[in-house]
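*Asks:* Dropping a structure here in structure tokens format, bear with me for questions.
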């Protein structure tokens, strides 16, 4: 996931947090929980800072109910 920092240029931290949150949600929807966990462990602080954790939690809860 080094491309998140090396190849991407962000306007600000909020944009980066939104992209990471979307990737985590996408991974959860696809059942790639290890990839989602890797992003969440690495960038979870950024998602918390910008309020994306509640959405990630909802998506995981929906996935777990299946």
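*Asks:* Which ones in the range 33-47 are at pLDDT 95 or above and surrounded by fewer than 13 Cβ atoms within 10 Å (Cβ to Cβ)?
*Replies:* Within the range 33-47, 34, 41, 45 qualify.
*Asks:* Okay, moving on. Taking the range 19-31 only, how many residues are more than 13 Å from residue 48 (Cβ to Cβ) and either under 10 Å from the mean Cα position of the chain (by Cα) or surrounded by 14 or more Cβ atoms within 10 Å (Cβ to Cβ) (or both)? Lay out the reasoning, then the answer.
*Replies:* From the range 19-31, those more than 13 Å from residue 48 (Cβ to Cβ) are 19, 22-23, 25-31; that's our starting set.
Among the residues that remain, those that are also either under 10 Å from the mean Cα position of the chain (by Cα) or surrounded by 14 or more Cβ atoms within 10 Å (Cβ to Cβ) (or both) are: 19, 22-23, 25-28.
Of the residues in the range 19-31, 7 are more than 13 Å from residue 48 (Cβ to Cβ) and either under 10 Å from the mean Cα position of the chain (by Cα) or surrounded by 14 or more Cβ atoms within 10 Å (Cβ to Cβ) (or both).
The values are calculated or read from the model by the stated rules, or taken from the named source; none is laboratory data. Given the structure is predicted, the values throughout are model-derived calculations rather than measurements. All Cβ positions, even for glycine, are placed from backbone atoms using ideal geometry, and neighbour counts span all protein chains on display.
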